[in-house]
Each structure stands twice: as structure tokens, then as C-alpha cells.
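The values are calculated or read from the model by the stated rules, or taken from the named source; none is laboratory data. Remember, it's a predicted structure, so these values are computed and weren't measured experimentally. Methodologically, a virtual Cβ is constructed for each residue, glycine included, from the backbone with ideal geometry; neighbour enumeration extends over all protein chains shown. Surface areas here come from the heavy atoms of the whole protein model, side chains and all, with no ligands, DNA or RNA. Shrake-Rupley method; radii C 1.70, N 1.55, O 1.52, S 1.80 Å.
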Amino acid sequence: MRQKMAAGNWKMNGTGAALAELETLIQAQHAAKSELLICPPATLLSRAAEIAADSSLAIGGQDCHAASSGAHTGDLSSEMLKDAGATAVILGHSERRADHNETSKTVAAKTKSAWSAGLTAIVCLGETLAEREAGDTLKVVGSQLAASLPDGATGQNTVIAYEPVWAIGTGKVPSLDQIAEVHDFLRHALTTRFGAEMAAATRLLYGGSVKPGNAAEIFATSNVDGALVGGASLKSADFSPIIAALDAS
Ligand code: 13P
């Protein structure tokens, strides 16, 4: 009942020249079964949305402010993202939690704002290496999930991305058992709080060094409904085989 999802997070990469990759991706993946999303830097949002109009590729933001407008120099509201053509927004990415001191409480406020603008919130969580080595992984992701998700989350307005901090951009990937343990735990936590129907409808993405070479085994793992991909989403030649692996899973 859950449509698989392949989401690309371009982070702070790409100027106008990178939009050619979107056109290539749209042509290569016009028949993809999975839901496809690319989150470019905000400067490219409207141009990306124009290119992706009438295709099956959706465009998303990488963050938004919790307020709908006001004196917040440099920030963007969820309504602005929506107006620029976004249908989703990544929230609580570990790089924002680390670089901008975002707490789960802030993430919850941003999630509410995203929902009110009609955006799907892709809420990120994940443990650091020190937390994993201390045996605290489930405790950490459990408390991040609880505090980052407001009441009212549904399988339509929310996607969860499990991204172990130590796996992001490092080429290191948890074992498949470790991924399954966290994803099974997250599904169970959603069931306990929001009920079986919501939990069954909510996509759980894995993120952290997903590449064409490891995508198939990750997608065959329990309760993995897709991926949030950083580096390998920048080039259609890398992202396309990941999408193909997801379609085949
Ligand atoms: P990488 O795929 O580059 O490891 O990044 C993952 C990520 O942070 C996606 O949000």
C-alpha cells in the first residue's frame, strides 16, 4: 500500500548548469513506478519546478522556517517553497541539526508549517557514531521521532528518513541488520502513537551513502520504503540505477 520513494537531496550543490541533470533524469525515468523527488538548493527551486512540470518528478525544499512570514533574514517560509513549486520539504536533516542547532522541537514547528502550506514533510533523524557505539541508537531515534513529529502526522503529509550521521557522505553504511532494526523500531513506534493505519501508510526512507552498488540490498531490507540520497542524486547516471533498483524491489 506504500508507494516506494526515491528522494534526492542536492544540499548546497548546483547552479543553473545543474538543471540539465534534471532534464536527463526526467527523460530516463519517465516510466518509473516509484515516487521521485529532487530537493535542489532554494535558488533553483522555481526553475527546477518549471522543468519538472508535467513530469512525474516532484521538487522539494531542504528546509523552511516555522513562521509564515516576518523578520527572519535569509530564511524561507513553507508558503514560499510552495509558491516556488515545491510539494515537499526536508526537515531536521542532521546537517541542519548540527550546523544550525535545530532541535526536534524546532523540527516539529517547521513540520506544522510545512503541513499548513500543503507540503509533505520529510522528517530526518539518526544517531551519531558516539551514540551508536554507546548502544543508544534506538533511544536517540525514538526520542527524535517523538519530539519531531507533531500530532496529526499521516502517511500523506509525512515521510520519515533514517539517516545515521556517521553514514552521511562517508561511504560507510550500517549493516542490513542494523538498518532493519531501526526501521522495524520506527514502524512500531508510529503504530503505538498514531495507530496501525497511519504506520502502514508512512514511508520510511534510509539515507547515508546510498549508491548504485548497494541500493538493491538496502531496498530488500525490512521496512525500507525507499531512500534519501545525497551525493548520488546529483547525476542522473548515478540516481537512475538507484531508482531502477527501487522499482525492482
Ligand atoms: P549521502 O548520500 O551523500 O551520504 O547523503 C545522504 C544525505 O544526507 C541525504 O539527505
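General observations
- Of all positions in segment 72-93, at least one carries a residue that is out of contact with any strand residue (DSSP E or B) (no Cβ under 6 Å at 6 or more places or on another chain), open to solvent by 60 Å² or more (accessible area, probe 1.4 Å) and among the acidic types (Asp, Glu).
- The single condition from (1) touching a residue at least 40 places away in the same chain (Cβ under 8 Å); (2) in a helix (DSSP H, G or I); (3) over 15 Å from Ser233 (Cα atoms) that Asp63 fails is (2).
- Residue match in segment 176-193 (condition: surrounded by fewer than 18 Cβ atoms within 10 Å (Cβ to Cβ), within 16 Å of the ligand (Cβ to nearest atom), at pLDDT 95 or above and not hydrophobic (A, V, I, L, M, F, W, C)): yes
- One residue from Gly92, Gly85 being of a type outside the set (D, E, K, R), within 15 Å of Leu45 (Cβ to Cβ) and touching an Asp or Glu at 6+ places or on another chain (Cβ under 8 Å): Gly85
- Highlighted here are the helices (runs of 4 or more DSSP H) found entirely within segment 133-249 that include at least 2 residues which are under 24 Å from Thr24 (Cα atoms): 215-219, 236-248.
- Test: residue in segment 164-173 that is within 21 Å of Thr111 (Cα to Cα) and open to solvent by 10 Å² or more (accessible area, probe 1.4 Å): yes
- Of all the numbered requirements in (1) basic (Lys, Arg); (2) part of a helix (DSSP H, G or I); (3) over 18 Å from Ile122 (Cβ atoms), Arg96 misses one, and that requirement is (3).
- In segment 161-175, the residues that are within 10 Å of the ligand (Cβ to nearest atom) and farther than 19 Å from Arg203 by Cα: Val165, Ala167, Ile168, Gly169, Thr170, Gly171, Lys172, Val173
- Residue check, Cys64 touching a Lys or Arg at 6+ places or on another chain (Cβ under 8 Å), open to solvent by less than 60 Å² (accessible area, probe 1.4 Å) and at pLDDT 95 or above: yes
- Answer from Leu22, Leu76 - the residue that is away from the ligand (no atom under 16 Å from the Cβ) and over 18 Å from Leu119 (Cα atoms): Leu22
- Candidate set from segment 101-124 (those that are in a helix (DSSP H, G or I) and of a type in the set (Ser, Thr, Tyr)); member that is farthest from the chain's Cα centre (by Cα): Ser116
- Exactly one residue among Ala180, Ala201, Ala161, Ala220 is of a type in the set (A, V, I, L, M) and in contact with a strand residue (DSSP E or B) (Cβ under 9 Å, 6 or more places away or on another chain), and that residue is Ala161.
- Residue match in segment 36-46 (condition: within 27 Å of Phe219 (Cα to Cα) and modelled with pLDDT under 95): no
- Comparison of Ala49, Ala134, Ala88, Ala109 shows that the only residue that is of a type in the set (Gly, Ala, Ser) and without any contact (Cβ under 8 Å) to a residue 24 or more places away in the chain is Ala134.
- Here is the figure for segment 16-46: residues that are touching a residue at least 60 places away in the same chain (Cβ under 8 Å) and part of a loop (DSSP other than H, G, I, E, B) total 4.
- Out of Ser143, Ser148, sole residue that is open to solvent by 50 Å² or more (accessible area, probe 1.4 Å) and among the polar types (S, T, N, Q): Ser143
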